[in-house]
Amino acid sequence: MSTTMTLDTSGTAAVPFGRLLKVELRKSWDTRAGLWLVGSIVAITAVVMVVVFLVSDSDERTFGNFVGAAYAPQSVLLPVLGILLVTSEWSQRTAMVTFALEPSRSRVVAAKTAAAMILGAGAFVAAVGLAALATLLGGADDGFRGFEWVDTVPFLLLQLFTVLQGLAYGLLWLNTPAAIVTFFGLPIVMNLVFTLVDWLRDAAAWVDLTTAQLPLFENDIDLSGEQWAQLGSTVLLWIVVPFVLGWLRLLRAEVK
């Protein structure tokens with residue numbers, strides 16, 4: 001007479017969220033591609049600031065100018081980092097291990113989201129630190145003139161929006177090339193549409209994320225109620241909705 005043995009795991013404690021977060025952070029740099037990407041974000045930011053330092057007059061070497069210069073490279077590389085947080089597991093086929101160790105896929109998504117925000121904030125801190133150093137070395141009479149730390153908030157918001165949008169497209173497609181093409185291709189298409197169709201231009205700020213973010217690009221945190229509504233509308237459309245759809249897809253995706 002055979003006896004069927006079962007393994008009862010009902011009393012096993014769940015994996016602590018802090019441990020999941022540490023694992024997701026480590027995944028961002030424990031592969032060759034991830035390590036190069038994280039290193040490139042800091043290195044290219046530093047190179048851009050050096051170039052600005054060399055080509056600018058001493059009175060133009062201000063903190064605000066250096067921080068503004070940091071956005072260009074980080075806006076290109078941070079979304080790729082957010083995308084790879086999700087898609088690398090599916091391309092390298094390690095998702096099966098992840099979901100075997102943590103069956104709750106929603107907790108994994110939450111850990112990836114928290115990791116993306118920490119990495120975005122880390123890139124912001126690195127940019128601000130490098131900008132402060134460049135300003136001190138720049139020789140301007142008052143490199144921090146007229147600048148308050150609250151003025152860095154728009155830059156931080158842009159960093160977080162960028163990396164979270166990359167994460168959302170990664171969840172939506174679970175494929176690196178498709179997510180990257182969507183992230184960089186959609187703004188071009190949207191810009192063409194609003195440029196060529198006159199009657200849509202007035203609605204651009206309500207449906208185009210880049211247009212709604214323009215006040216933040218100008219380091220302006222004192223937005224009007226309408227501008228905050230436009231920013232919220234576009235964030236909902238281009239970050240929240242893809243994120244939710246991607247999260248639902250990941251819950252049902254077959255792991256191979």
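The values are calculated or read from the model by the stated rules, or taken from the named source; none is laboratory data. The structure presented is a predicted model; accordingly, all values stated were derived computationally and were not measured. Counting neighbours? That spans all protein chains shown, and the Cβs are built from the backbone with ideal geometry, glycine included.
Counting only helices (runs of 4 or more DSSP H) that sit wholly inside segment 152-256, those with at least 2 residues that are more than 16 Å from the chain's Cα centre (by Cα) and among the basic types (Lys, Arg) are 241-252. Only a single criterion out of (1) closer than 29 Å to Lys27 by Cβ; (2) surrounded by fewer than 16 Cβ atoms within 10 Å (Cβ to Cβ); (3) free of Cβ contacts under 8 Å to residues at least 40 places away in the same chain is not satisfied by Pro73, namely (2). Would you call Thr98 surrounded by 16 or more Cβ atoms within 10 Å (Cβ to Cβ) and at negative phi? Criteria met by Thr98.
If you filter segment 126-151 down to residues that are part of a helix (DSSP H, G or I) and at pLDDT below 90, you find that the one that is nearest to Val51 (Cα to Cα) is Gly138. Within segment 177-233, if we keep just the residues that are surrounded by 18 or more Cβ atoms within 10 Å (Cβ to Cβ) and of a type in the set (Phe, Trp, Tyr), the residue that is modelled with the highest pLDDT turns out to be Phe183.
Which residue out of Trp36, Trp29 is loosely packed, with under 14 Cβ neighbours inside 10 Å, under 26 Å from Ala111 (Cα atoms), hydrophobic (A, V, I, L, M, F, W, C) and without any contact (Cβ under 8 Å) to a residue 40 or more places away in the chain? Walk me through how you get there before you give the answer.
On the way: Trp29 fails: loosely packed, with under 14 Cβ neighbours inside 10 Å.
None of the other options fit; the residue is Trp36.
Against the numbered list (1) modelled with pLDDT of 95 or more; (2) more than 22 Å from the chain's Cα centre (by Cα); (3) polar (S, T, N, Q), Thr113 comes up short only at (2). All conditions in (1) under 14 Å from Gln165 (Cβ atoms); (2) in contact (Cβ under 8 Å) with a residue 40 or more places away in the chain hold for Ala127, with the sole exception of (1).
More than 17 Å from Arg145 (Cα to Cα), buried (at least 17 other Cβ atoms within 10 Å of the Cβ) and out of contact with any strand residue (DSSP E or B) (no Cβ under 6 Å at 6 or more places or on another chain): which single residue out of Val52, Val67 fits that description?
Numbers: Val67 fails: more than 17 Å from Arg145 (Cα to Cα).
Every option except Val52 fails the conditions.
Those helices (runs of 4 or more DSSP H) of segment 1-114 in which 1 or more residues are polar (S, T, N, Q) and more than 23 Å from Phe184 (Cα to Cα) occupy 63-91, 95-101.
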